[in-house]
Amino acid sequence: MTTTAPQGRTELLRPDRTPVRVLVVDDEAPLAELLSMALRYEGWEVRSAGDGAGALRTARDFRPDAVVLDVMLPDMDGLAVLGRLRRELSDVPVLFLTARDSVEDRIAGLTAGGDDYVTKPFSLEEVVARLRGLIRRSGTASVRGESTLAVGDLVLDEDSHEVSRGDDSIHLTATEFELLRFLMRNPRRVLSKAQILDRVWNYDFGGQANVVELYISYLRKKIDAGRSPMIHTRRGAGYLIKPGE
């Protein structure tokens, strides 16, 4: 299995412009973590559980838009978990994961209410692609075009150069826009001052770190003032952007 994400993908967002939520249920911790990493790379919010009881508790709190569900769990099988899930989240799409690949097992999973079925071993790209299809068909998320970047309620249109947070439009200078675009293209990733200088100002690091600090402060005044902070400093490492708490 690989962790390479598809290039040029469109972004799926909930109606409130927050990231799509996915619950991963698998008792193999390394596999669950690998799946979670791949889904977070898509920009989605992910939680995981290692058994059926934990899955049900997490689902009640998290209210996922899709569930990746292993059929074989230590306390109850995935079909039983699905039955109980459907009582509270009747429309949530469920993708089964299992080592069983017989026709009978596939039919059992789908007739129990599962929406799709992937057998182990599988590629992460296939799981992501199938989840995207399920979420789109369920109508729980909207597709945002490739020219639009979104992190939480912050939206940047690369074509029109319009920026908004929630219902508020934000005016940025050309340099502020390029800096914000670079941050938003790398959500939750710490970017060093040298990386920012090279990408936004097109020259190598050479004692000009103060210009980065200055423009980060400009952005904070426009993006974060009076709101939950999105732009964060990692001392000695750089800056990152992530949805406000």
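Top to bottom by accessible area (1.4 Å), largest first, where do M72, M184 land?
Details: M72 100, M184 10 Å².
Order by accessible area, largest first: M72, M184.
Highest mean first, how do 212-218, 35-41 rank when packing is the count of other Cβ atoms within 10 Å averaged over residues? Don't skip to the answer; put the middle values down first.
Values: 212-218: 15.6, 35-41: 19.3.
Put in order of decreasing packing, that is 35-41, 212-218.
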### Message
Rounded, prolate or oblate, given the Cα gyration tensor of segment 16-96, with a/c below 1.5 counting as rounded?
### Response
oblate
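The values are calculated or read from the model by the stated rules, or taken from the named source; none is laboratory data. None of the values given here were measured: they were computed from a predicted structure. All Cβ positions, even for glycine, are placed from backbone atoms using ideal geometry, and neighbour counts span all protein chains on display. Accessible surface areas use protein heavy atoms only, side chains included; no ligands, DNA or RNA. Shrake-Rupley method; radii C 1.70, N 1.55, O 1.52, S 1.80 Å.
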